[in-house]
Amino acid sequence: MHAFHDPTSRSYARLTGALYLVIAFAGGFSILYVPGVLNVAGDPAATFANIGERRGLFHAGLVGDVVMMTAEVLVSVMLYFMFRSVNATLSLAASYARLMMVAVMAAMLFFHAGSLALADGRVPLDSFSAAQRFELAGLMRHVHDAGVWIWQVFFFLHLLLLGTLVLRSGLYPRLLGLGLIVGGTGYLVDSVQMFALPDAAWLEAVKIALLLVVTLAEIGFALWLLTRGPRIPAPRTAAA
């Protein structure tokens, strides 16, 4: 636990960077890979049939969610202490925004569990036919997926504030801060498109470009923390 003692140390930064990479791998697995394998767009029955056949992969995805959210809580707090000396208000707001994102992610799992229970027939609903149960399960899964539109707004706010802190700190490359700010808007664009403008094809291209930028910036920031840590400020010369 010695690494947690000094937020300005390189060991503290390396631990933060390592947790950041845990988030990237666990989140990529549970948010992108597992749904990509199991989900069948527009067909809840086929989706839940896939889950039944590959229950191990489904459970592994849930484990990935838990690992990711646990690391997110730690990173949220650690980033706050890292940048508190730069601007305490902005650093605390960035931490709260990221924790709000985690809270929404956790709430999404309730709908996930409910939809699976309905599809498995574990909930006694004798007045519903099998088709109706699948439709209700599909609705709950849609609500679960809609949670992404909500947490992305909080994550956009976090990245905007974190990028500003990186720029102001002088401890990390300014390019990373700019990438977090500019690319982070991709999450907001994605939420707006999915919620209000699903047919806007031009937004799709903008969103993909911005998300690519923020992905590179986040991975770059994590690797910088892990391998380099904060820059050591140049010593000031004594006044004559």
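The values are calculated or read from the model by the stated rules, or taken from the named source; none is laboratory data. Computed from a prediction, not measured in an experiment: that's the story for all the values here. Glycine gets a Cβ as well: all are built from the backbone with ideal geometry, and neighbour counts include every protein chain shown. The area values use the complete protein model at the heavy-atom level, side chains included, leaving out ligands, DNA and RNA. Shrake-Rupley method; radii C 1.70, N 1.55, O 1.52, S 1.80 Å.
What is the range 145-228's relative contact order, in percent, from Cα pairs under 8 angstrom and six or more apart in sequence? Intermediate results must be reported in sequence, preceding the final value.
Values: 96 pairs, mean separation 25.5, N = 84.
Reported relative contact order: 30 percent.
Rounded to the nearest 20 debye, what is the charge dipole size of the chain about its Cα centre when +1 sits on each Lys and Arg Cβ and -1 on each Asp and Glu Cβ?
Using only the charged Cβ atoms, the result is roughly 1140 debye.
Which whole-number percent gives the relative contact order of the chain, counting Cα pairs below 8 Å spaced six or more residues apart?
Relative contact order for the chain comes out at 23 percent.
Between helix 174-196 and the chain, what is the angle of the helix's C-alpha long axis to the longest principal axis, kept within 0 to 90° and rounded to the nearest 10?
20 degrees
How far apart, in nm, are the 7 Å Cα→Cβ label points at residue 145 and residue 18?
3.7 nm
What is the gain in length, in nm to one decimal, between residue 223 and residue 85 on full extension, counting 0.36 nm per residue of separation less the C-alpha to C-alpha distance?
47.5 nm
So with the 1.4 Å probe, I'd like the accessible area per residue for the chain, rounded to whole Å².
About 53 Å² of surface per residue is accessible.
Regarding the range 78-178, what are the three Cα extents along the principal axes, ordered largest first, in Å?
Its Cα atoms span 63, 21, 16 Å along the three principal axes.
What does the accessible area of residue 143 come to, in Å² to the nearest 10, when a probe of 1.4 Å is used?
Counting only protein heavy atoms, residue 143 exposes about 60 Å² to solvent.
Report the semi-axes of the equivalent ellipsoid for the range 2-228 in whole Å, largest first, where each axis is √(5λ) for an eigenvalue λ of the Cα gyration tensor.
Taking √(5λ) for each Cα gyration eigenvalue gives 36, 20, 15 Å.
Can you give me the % of accessible surface on the range 2-228 that is carbon or sulfur? Probe 1.4 Å, all protein chains present, nothing else counted.
On the way: 8070 of 11330 Å².
Answer for the range 2-228: carbon and sulfur cover 71 percent of the accessible area.
Once phi is turned into ³J(HN,Hα) by the Karplus curve 6.51 cos²θ - 1.76 cosθ + 1.60 with θ = phi - 60°, what whole-Hz value does each residue of the range 44-55 show in order, with x for glycine and proline?
Values, residue by residue: x, 4, 5, 4, 6, 5, 4, 5, x, 6, 10, 4 Hz.
Full-extension gain between residue 5 and residue 43, please, as 0.36 nm times their residue separation minus the C-alpha to C-alpha distance.
Net length gain for the segment: 8.6 nm.
To the nearest 10 square angstrom, what accessible area does residue 5 show with a 1.4 Å probe?
130 Å²
For n ≥ 4 DSSP H runs only, could you compute -39500 (n - 2.57) per run for the chain, divide by its residues and tell me the 222 nm figure to the nearest 500?
Working: 8 runs with 185 residues, N = 240.
That calculation yields -27000 deg cm²/dmol at 222 nm.
Evaluate E = 1/(1 + (r/R0)^6) for residue 54 and residue 232, where r is the Cβ-Cβ distance and R0 equals 35 Å; express this FRET efficiency to the nearest 0.05.
With a Förster radius of 35 Å, E is 0.10.
Pull out the extension gain between residue 200 and residue 70, defined as 0.36 nm times the separation in residues minus the alpha carbon to alpha carbon distance; nm, one decimal. Present the calculation step by step, with values, prior to reporting the outcome.
On the way: separation 130, 0.36 × 130 = 46.80 nm, distance 3.54 nm.
Result: 43.3 nm gained on full extension.
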